[in-house]
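**Student:** Okay, here's the structure, questions in a sec.
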Amino acid sequence: MIDTEVLHAKVRAIGLFSSLTDPELRDLLLRCQIALYLKDKVIFREGALGDSLMVVLQGSVSLRCSPEPGVNVELATVEEGAVLGEMAIIDPAPRAATAVAATNAVLLMMAKDTLDHLISSEHPAAQKILRQVLVLLAARFRATEDRIGELFASRLEHRAPGPQAAWRLAPAE
Amino acid sequence: MAIELLYLKALPLVRGLSAAEQRTLADRLDLVQVEAGHVIIAQGEAEAGLYFILNGTLQVVRTLPTGQEFTLARFGKGHIVGYLSMIDGRPRSATVRALTASTLACLPAAHGADLLASSDPLGIRFQRLLAREMIRSLRIANQRFTRAASLPPDEFYTPENLTAAPEEG
């Protein structure tokens, strides 16, 4: 179990919540859920509707996906401090991966409804969290562009100069 | 030059804003008209304004250290480009070029920073809009990336798997 003080310190260390004042943080935690997942327990499944953000407060979580039937890809194992579902809390959609507790793990969960309520009630924490979600998304975006660049470069090395492939991140208008 | 309200009606950001909020937004935007081929944003630069596309098509390209260039995306009316640097203050990650003559609304970096720090309805609306724009692109990219990574190298350029588009002339 985590006691309240330890919990506050752990949540405070997460970038997403780092700019909240102590009263804002306490108030936010009252609106969130904390859950313990035993090792190997599925936290969410690929394809299930995701409408919450989660933070790993203790332990580690394995992310897996199945790009086609019968194919399972281990994407990553994330540790304490990792944030999952930062897209779902803004725009709910089917989860892109399955998350499984790789060890016994404690997670903080914040529902989209909670953020929406904070926004509509003009709670001072709302804008601070939204701002940090944008920072997190921007970091993910840059990392994704870097990975695409690396993949593109490595494929060029394996192949003589040929037709240029054009990658789109969004459909052409 | 501040933008005419008429242009603004095309932007998703504007819907639901009061007349006063629309005026505030219009005062912060500059109308930019560019010809095909014009470079709007240059990879590596520190400038951090963003652009709403009112008309036309923009191409986002990334240059590798080897000098080779590849297309990350093409965007048309209603989309936004250039928000990453506005959010994180880091240099431009890619170059944005006009594929066709285009009309844009530029939100300069200083005004953007104000909106990002604001908790009034316009600020919150702007922050949510940027988040959704990023999420849409990230989801498409992640999906394509997952598929590409599981393909053998020879299939990398296969259009039906990767939605590879012909290079624009």
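**Student:** Would you mind estimating how fast segment A:4-157 diffuses translationally, via Stokes-Einstein at 37 °C and 0.692 mPa s with the Kirkwood radius over Cα pairs, in µm²/s?
**Tutor:** Diffusion coefficient, whole number: 198 µm²/s.
**Student:** Tell me, what is the FRET efficiency for B:Ala117 and A:Val6 to the nearest 0.05, using R0 = 22 angstrom and their Cβ-Cβ distance as r?
**Tutor:** So, using R0 = 22 Å, E works out to roughly 0.10.
**Student:** How much mean residue ellipticity at 222 nm does the protein assembly as shown get from its helices, if each DSSP H run of length 4 or more adds -39500 (n - 2.57) and you divide by all residues, to the nearest 500 deg cm²/dmol?
**Tutor:** For the protein assembly as shown, the value works out to -11500 deg cm²/dmol.
**Student:** Taking a spot 7 Å from the Cα of B:Glu35 along the direction of its beta carbon, which residues of segment B:102-121 have an amide N less than 17 Å from it?
**Tutor:** Only B:102-104 pass the distance filter.
**Student:** Something else about it: Going from the alpha-carbon gyration tensor of segment B:12-57, what semi-axes, largest first and in whole Å, does one get by taking the root of 5 times each eigenvalue?
**Tutor:** 25, 14, 9
**Student:** Here's a follow-up. Sticking with the crude label model, points 7 Å out along Cα→Cβ, report the distance from B:Ala10 to A:Thr103 in nm, one decimal please.
**Tutor:** 5.4
**Student:** Take each complete run of DSSP H in chain A, measure how far its Cα atoms stretch along the helix's own axis, and keep only those covering 24 Å or more with mean Kyte-Doolittle hydropathy at least -0.5; list them.
**Tutor:** Helices passing the filter in chain A: A:124-157.
**Student:** With every atom except the alpha carbons ignored, what do you get for Rg and Dmax of segment A:1-44, in angstroms?
**Tutor:** That works out to 12.1, 35 Å for Rg and Dmax.
Read the figures in this text as sums done on the coordinates, not as results from a lab. What you are looking at is a predicted structure, and each value in this text was computed from that prediction instead of being measured. So basically every Cβ, Gly included, is an ideal-geometry build from the backbone, and we count neighbours across all protein chains shown.
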